[in-house]
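Here the structure is laid out as structure tokens; the discussion comes afterwards.
Rule-based calculations on the coordinates, nothing more; no lab input. Bear in mind that the values here come from a model prediction, so they are computed numbers and not experimental data. Reconstructed Cβ throughout: ideal geometry from the backbone, glycine too, with neighbour counts over all protein chains shown.
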Amino acid sequence: MIDQLNSSKRIINAISVDVEDWLQSTIDSKLPLTNRFHINTRKILEAFEARNVKGTFFVLGLAAEQAPDMVREIHDAGHEVQSHGYGHELVTTISPDHFRNDIERSKKILEDIIGVEVTGYRAPAFTITQKTLWALDILLDLGFKYDSSIFPVRMKRYGIEGSPWYPYIAKTPKGREILEIPVGSFEAAGRRWATGGGGYFRLLPYSVLRRAVRQMNDHQHSATIYMHPYEYDPIEFAELDYPVPMKIRLHQGLGRRGFPRKVNRLLTDFRFGTMQDVIDTLGELETHEHRSLDG
Ligand SMILES: [Zn+2]
């Protein structure tokens, strides 16, 4: 067991944060952002600093406009700042032109703040699917080098079943190539589970999450973990001045209290760094052509 953990320690995994505000990103993208994301992002920065870990922050353009000092602080602390788009509109609900404008705008806002080129992207709710593969060509047009939006598990509104669960070269509809770094997942009971963040991460016991990262590392692949500032905010629903339906409150609030502790344990048990740290270790990658579905 210990030997296995030591072998895992040699592989570098990516820790990533999608910097956004729960209400605007989950309930209605037209709502203004609350300032809770500043406070919660600071908690994450402190947790990373305490363990001397650098991570990648995919910052929403709207969040960067509201808190440019925070973005500068993330960058100055040695973390990687990349793009989560501008307005958190699902790629599956907007046109290619709208997507292009959203991404171009978010990239410029972040680059103006940090003075470094932004080359990585993660889509709102992982909505690069078989119907929106055109987004990959637009990312290449705008100078992006990698994407981290294709979920390797089919979910209700996103995910491409059967796509690689480790970093690979994705062929775009126009025949170009982009590096794709999917978030972590876990194979158990004959299927793949999305354990790298979100609901499973909040609800599963730490022992399962540890097994999931170890499984990827034992296959000599990095695991990419993702989280949101609001997962560090157990009192959000008690304080939020907005009529959030009870069912959503229960589902979205569950597991937040124990979340930071799980992250701290992962950061202690495995080696973590930025997406770029992982990219630097990649050898030859397989190329995967997704089947495009127009719709
Ligand atoms: Zn998001």
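Structural remarks
- Counting lysine pairs in the chain that sit 8 or more residues apart in sequence, or on different chains, and whose Cα atoms lie under 15 Å apart gives 7.
- Charge tally for Lys174 (other residues, Cβ to Cβ under 13 Å; Lys, Arg +1; Asp, Glu -1): -2.
- Residue ranges 272-280, 204-212 sort as 272-280, 204-212 when ordered by packing (mean number of other C-beta atoms within 10 Å per residue, highest first).
- Cα gyration tensor shape for the chain, rounded if a/c is under 1.5, else prolate or oblate: rounded
- Net charge contributed by nearby residues that have their C-beta within less than 14 Å of Ala194 (K/R +1, D/E -1): +4
- Sequentially through segment 67-75, phi angles give Karplus couplings (6.51, -1.76, 1.60; θ = phi - 60°) of 9, x, 5, 5, 5, 4, 5, 4, 5 Hz, Gly and Pro residues having no value and appearing as x.
- DSSP beta bridges in the chain [antiparallel fraction, %, rounded to 5]: 25 percent
- Distance from segment 87-101 to segment 242-260 (C-alpha centre basis), Å: 27 Å
- Packing rank of 35-43, 99-107, where each peptide gets the mean count of other beta carbons within 10 Å, highest leading: 99-107, 35-43
- The residues packed around Gly253, meaning those with a beta-carbon under 15 Å from its beta-carbon, carry a net charge of +2 if Lys and Arg are +1 and Asp and Glu are -1.
- Model label points for Glu286 and Arg271, set 7 angstrom from Cα along the Cα-to-Cβ axis, are 2.4 nm apart.
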